[in-house]
Amino acid sequence: MKILVVGGGGREHAIIMKLAESPKVEKLYCTPGNGGISRYAECFDVKATDIEGVVALAKKLSVDMVAVAPDDPLVMGMVDALNAEGIMTFGPNKAAAIIEGSKVFSKELMKKYNIPTAFYEVFSDSDSAIAYLKKQNSYPAVIKADGLALGKGVIIAQNEEEAIDAVKSMIDGRQFGDSSATVVIEEFLTGPEVSVLSFTDGKTVVPMISSMDHKRAYDNDEGLNTGGMGTVAPNPYYTEEVAKECMEKIFLPTINAMNTEGRTFKGCLYFGLMITPKGPKVIEYNCRFGDPETQVVLPLLDGDLCEIFEAIYNGTLADVDIKWKNEYCTCVVMASGGYPQSYPKGLEMNGMDDKGQVDGAFVYHAGTKYENGKFYTNGGRVIGVTATGDSLPEALERSYKAVEKISFENAHYRHDIGKRAMAALK
């Protein structure tokens, strides 16, 4: 099979490396791809959000399948456009992708079908939102942009002043464009966070190995929210008991709710969960593989990703036996100095080989370009230095050993990835 993967980050690199293991795959393409991906897949300069361009490219290359990885093209309806041309596609259609495309939709879905989540209200004018915040007078408060905002559209306000600033900058200042014209204000939940990606064909749902993301820019969960500074899998807080409760109260009810709404979800549905004192609750849904969760989950998949993608498209996921390796996987993100705000691009990178010069490690590229035999930085999150091991300490040691061998000017990474998970294992 010839497969085109749409996207250009660490997640797409992880998907490509897993597809490359499949005996069914003859040729891999990626658009727009990045420096690391270009070593394994032929890359094209078509933006991930260019629906017409991607459809034209898929037809020109006569591909057998397209895997659409990022949220924007999914929410815009790229899968619908590819399916209309008779092209087998992995990813939800536009009607289903709204589960991530609109926070208001997803919260109201959960309310309607009794899926456990935080209490919330929706606002489209700042005066009403501020009046509500003053009435509730409960902090921290969570303020979310309704639409997509590169994983940065959530502000956890510690006091009234921060909350009012957040509301004004989102609704009045359009901080995230039209995505923040409407906001959701919800109660602040406490407990360990867990990410669970799942394969689903709209009938069967198969949760993948759980993971733990580290969103804040700096050690000890300080600094601004980012797209994710590192991950570990499996997540020690996600016990068999919690998994069973999630399947009964969250995973299956969500799939069934989407079917009832006429929005059958086929693809990867991501559940962002909080294990609260009152049980697991949904913080958010994503309509695709998470980034950087994919970088620690897919290396643990003991199976053929291409076969799974085909089964999801054909509605035969129940017939596939999906197994997982009994190992740990860790990913430390090396970012550009200044991320998630302003940062330079085009800095030369040293010490770059695929294995991070360490056995058991692999470097997934997120924001890189490859020119004249050298790698250069080309984004905020530059690489995800990933490693597997028989224990969490072993995997972490390998990741950090590989990080030490890679350098570029003002490289920034967290030194405490996996620290909370380690504490939970003791």
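The values are calculated or read from the model by the stated rules, or taken from the named source; none is laboratory data. Computed from a prediction, not measured in an experiment: that's the story for all the values here. For neighbour counting, all protein chains shown are included, and Cβ atoms are generated from backbone atoms with ideal geometry for every residue, glycine included. Side chains included, ligands, DNA and RNA excluded: accessible areas come from the protein's heavy atoms. Shrake-Rupley method; radii C 1.70, N 1.55, O 1.52, S 1.80 Å.
Number of residues in the stretch 132-153 that are within 11 Å of residue 185 (Cβ to Cβ) and hydrophobic (A, V, I, L, M, F, W, C) equals 4.
What about residue 254, is it at pLDDT 95 or above, buried (at least 24 other Cβ atoms within 10 Å of the Cβ) and part of a helix (DSSP H, G or I)? Here the answer is yes, as residue 254 does meet what is asked.
Within the group 54, 79, 66, 75, which residue is open to solvent by less than 20 Å² (accessible area, probe 1.4 Å) and under 24 Å from residue 105 (Cβ atoms)?
After ruling out the rest, the residue left standing is 79.
Which is open to solvent by 60 Å² or more (accessible area, probe 1.4 Å) and in contact with a helix residue (DSSP H, G or I) (Cβ under 6 Å, 6 or more places away or on another chain), of 168, 244?
Numbers: 244 fails: in contact with a helix residue (DSSP H, G or I) (Cβ under 6 Å, 6 or more places away or on another chain).
Exactly one residue qualifies, and that residue is 168.
Here the helices (runs of 4 or more DSSP H) wholly within the stretch 4-92 that include at least 2 residues being in contact (Cβ under 8 Å) with a residue 12 or more places away in the chain and more than 22 Å from residue 307 (Cα to Cα) are 51-61, 71-76. Evaluation of residue 255 against the conditions (1) under 27 Å from residue 190 (Cβ atoms); (2) within 20 Å of the chain's Cα centre (by Cα) shows that the sole unmet condition is (1).
Can you pull out the residues in the stretch 197-208 that are open to solvent by 30 Å² or more (accessible area, probe 1.4 Å) and either touching a Leu at 6+ places or on another chain (Cβ under 6 Å) or farther than 30 Å from residue 307 by Cα (or both)? The answer is 204, and nothing else. Within the stretch 405-426, restricting attention to residues that are small (Gly, Ala, Ser), under 24 Å from the mean Cα position of the chain (by Cα) and not in a helix (DSSP H, G or I), the residue that is farthest from residue 220 (Cα to Cα) is 411.
For the condition part of a strand (DSSP E or B) and either open to solvent by less than 30 Å² (accessible area, probe 1.4 Å) or without any contact (Cβ under 8 Å) to a residue 12 or more places away in the chain (or both), residue 194 qualifies.
Being buried (at least 20 other Cβ atoms within 10 Å of the Cβ) and either of a type in the set (A, V, I, L, M, F, W, C) or modelled with pLDDT under 95 (or both) is the filter here, so list the residues in the stretch 257-271 that pass it. Correct list: 258, 265, 268, 269, 271. Listed by position, the helices (runs of 4 or more DSSP H) inside the stretch 288-404 whose residues that are at pLDDT 95 or above, within 27 Å of residue 420 (Cα to Cα) and open to solvent by 10 Å² or more (accessible area, probe 1.4 Å) number at least 3 are 392-404. Residues considered: 274, 208, 229. Of these, the only one that is over 19 Å from residue 12 (Cα atoms) and at pLDDT 95 or above is 274. Is it true that residue 47 is open to solvent by 20 Å² or more (accessible area, probe 1.4 Å), of a type outside the set (Asp, Glu) and within 21 Å of the chain's Cα centre (by Cα)? Here the answer is yes, as residue 47 does meet what is asked.
Identify all residues within the stretch 123-151 that are in a loop (DSSP other than H, G, I, E, B), open to solvent by 60 Å² or more (accessible area, probe 1.4 Å) and within 14 Å of residue 183 (Cβ to Cβ); write none if there are none. Answer for the stretch 123-151, where residues must be in a loop (DSSP other than H, G, I, E, B), open to solvent by 60 Å² or more (accessible area, probe 1.4 Å) and within 14 Å of residue 183 (Cβ to Cβ): 124, 125. Consider the stretch 209-241 and keep the residues that are at positive phi and without any contact (Cβ under 8 Å) to a residue 12 or more places away in the chain. The one that is least open to solvent (accessible area, probe 1.4 Å) is 223.
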